[in-house]
1. Would you kindly state how much longer the chain becomes between Ala66 and His37 on full extension, computed as 0.36 nm times their sequence separation minus their alpha carbon distance, in nm to one decimal?
2. If you count the DSSP beta bridges with both ends in the chain, what percent of them are antiparallel, to the nearest 5?
3. Contact order normalised by length for the chain, with contacts defined as Cα pairs under 8 Å and 6 or more residues apart; what percent is it?
4. At 0.36 nm per residue, minus the direct Cα-Cα distance, what do Asn12 and Arg54 gain on full extension? Give it in nm, one decimal, please.
5. Which one is right for this structure if P(r) over Cα pairs in 5 Å bins from 0, in percent is calculated from it: (i) 2, 13, 24, 25, 19, 12, 4, 0; (ii) 2, 12, 21, 23, 18, 12, 7, 3, 1, 1, 0; (iii) 2, 13, 27, 28, 20, 8, 1?
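Please treat every number below as a calculation from the coordinates, not as lab data. Please read these numbers as outputs of a predicted model, since none were measured by experiment.
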Amino acid sequence: MTDDAEITVTRNDEKGRYEIHLDETIAGFTEFVADRHGRTVFPHTVIDHAFAGRGLASILVGQALADVATRGETVVPVCPFVVKYLHTHEVEGLDVHWRPTADETGSDAIERV
């Protein structure tokens, strides 16, 4: 695999995830699931160690969130990488539902999505 490999991001509804491909190889994915309110929860993102350090997680999450925005869905960021991405990048048209932290609720309980 070379540095000039074609990078694509695809939505895999069957597996409930967006996948990032370098040519024909899946280099990573970010999972999504609908919560009881119909919002799109992003619980976990993985990039294969063989592809680390190339900025693929940012490409993957950015394109996944842009797609969700075009679908008019609300995102609930749970994955720490997705949370960090949303704190440092604006995704046009994206509706984000932030989960309250323990400090905001005054307890150690976190809202179950």
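1. Net length gain for the segment: 8.4 nm.
2. 75
3. 19
4. Length gained, Asn12 through Arg54: 12.9 nm.
5. So the calculated entry is the one marked (ii).
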